[in-house]
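Undergrad: Quick one: the structure is below, questions incoming.
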Amino acid sequence: MYPNSLTQLARANPFSAPLFTLQKVEEPSTQSLVTKHEANKRTLAAAAVAEGDSCEFGSGHYFIMCGIGGILSCGTTHTAVVPLDLIKCRLQVDPNKYKSIFRGFSITIKEDGMRGLAKGWAPTFIGYSMQGLCKFGFYEVFKTTYGDLIGEENAYLWRTSLYLAASASAEFFADIALAPMEACKVRIQTQPGYANTLRQCAPKMFAEEGLWAFYKGVVPLWMRQIPYTMMKFACFERTVEMLYKHVVPKPRSECSKSEQLVVTFVAGYIAGVFCAIVSHPADSVVSVLNKESGSSALGVLKKLGPRGVWKGLVARIIMIGTLTALQWFIYDSVKVYFRLPRPPPPEMPESLKKKLGLTE
């Protein structure tokens, strides 16, 4: 019989390879299907154990180390771009005063000195370290879990959807971890005289508004960060796949670790540009929301208007493009340093090739 359900799946998948001509195949017996399932049980991205790896792919140790990689990649990079983030936030909340990136830097240095450019570094480092732990660690967990649930063949056919679902699930929890420090950071950066340090800001916010002060921005954070992260991971994964397929002149297995990290950086920057554009309107809402006590996300959105939500986009593209590229580079470097499994881009399973008539 012809595998009609598989044909429909291939036709419906917008991210799949071009359609193939299906060949007539014999249906295996139930016993052979069970044996084959047990023999081929695996995750999306290749074999679990490889020579030279320090741990098994998909193990608890692997996920913990991925989380640590996320801490290092997100915490350090976001802290490094605090000055640009500071100007971006001020452009969003007071565009009349800070009319451009260069004017924003000029006014900030004139009013607060060079040290003023580092305002908010502590909540940035703590908040984005916690976010990185959940973002990268849970992404690996959800990608493996969802891939196992839908099976190897569907995980390949629907791999972009898998990346989107896994990253969205991970970011949901990551934003809950980030929200308190993000609220403190924005308050420090956008309200001159309110507080200069995290130790001053957090108790003052709690005394004035209670616990809600730290979490009133979590919904706008989800609106900003979930689309951002979905783009960040799905675009990165597919860009890496395309670079090795169409740009890199040799297979990934023949590339040195340094060459592979260069591909990681390039794919990360491309993903970062798209991330910045997708998430910028919600980012503008978060900045104003955390600056103004008693405000609501809907009220801020109405106040900013269609044009106002795009203020500071150029600064954000520069910041997020560089940030995302560095994050992926650091994250992949951590995997290299600790000898964690680094599966190659996914390839079509042999069983699917047979069903599609690509092999004899």
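Undergrad: Can you name the residue in region 203-224 that is touching a residue at least 60 places away in the same chain (Cβ under 8 Å) and part of a helix (DSSP H, G or I) and, of all such residues, is nearest to Phe125 (Cα to Cα)?
TA: Among them, the one singled out is Leu221.
Undergrad: Taking into account only those residues within region 254-274 that are under 23 Å from the mean Cα position of the chain (by Cα) and over 17 Å from Met242 (Cβ atoms), which is surrounded by the fewest Cβ atoms within 10 Å (Cβ to Cβ)?
TA: The extreme case among them is Ser258.
Undergrad: Among the residues of region 62-107, which ones are open to solvent by less than 30 Å² (accessible area, probe 1.4 Å) and touching a Pro at 6+ places or on another chain (Cβ under 8 Å)?
TA: Tyr62
Undergrad: Checking the structure you have, find out if any residue of region 125-143 is β-branched (Val, Ile, Thr) and either under 29 Å from Arg342 (Cβ atoms) or in the same structural domain as Lys311 (by the TED database) (or both).
TA: yes
Undergrad: Do we have any residue at all in region 129-139 that's out of contact with any Gly (no Cβ under 7 Å at 6 or more places or on another chain) and small (Gly, Ala, Ser)?
TA: No, because not a single residue in region 129-139 is out of contact with any Gly (no Cβ under 7 Å at 6 or more places or on another chain) and small (Gly, Ala, Ser).
Undergrad: Only one of these conditions is not met by Gly147: (1) open to solvent by 30 Å² or more (accessible area, probe 1.4 Å); (2) in a helix (DSSP H, G or I); (3) over 17 Å from Cys74 (Cβ atoms). Which number is it?
TA: (1)
Undergrad: Evaluate the following for Pro192: is it in a helix (DSSP H, G or I) and either open to solvent by 50 Å² or more (accessible area, probe 1.4 Å) or at pLDDT below 95 (or both)?
TA: When the stated conditions are applied, Pro192 does not pass them.
Undergrad: Scan region 129-142 and tell me whether some residue there is of a type in the set (Asp, Glu) and surrounded by fewer than 20 Cβ atoms within 10 Å (Cβ to Cβ).
TA: Looking through region 129-142, none of the residues is of a type in the set (Asp, Glu) and surrounded by fewer than 20 Cβ atoms within 10 Å (Cβ to Cβ).
The values are calculated or read from the model by the stated rules, or taken from the named source; none is laboratory data. All of these numbers come straight from a predicted model, not from anything done at the bench. When we count neighbours, we look across all protein chains shown, and the Cβ atoms used for this are built from the backbone with ideal geometry, even at glycine. Please note that ligands, DNA and RNA were not included when accessible areas were found on the heavy atoms of the full protein model with its side chains. Shrake-Rupley method; radii C 1.70, N 1.55, O 1.52, S 1.80 Å.
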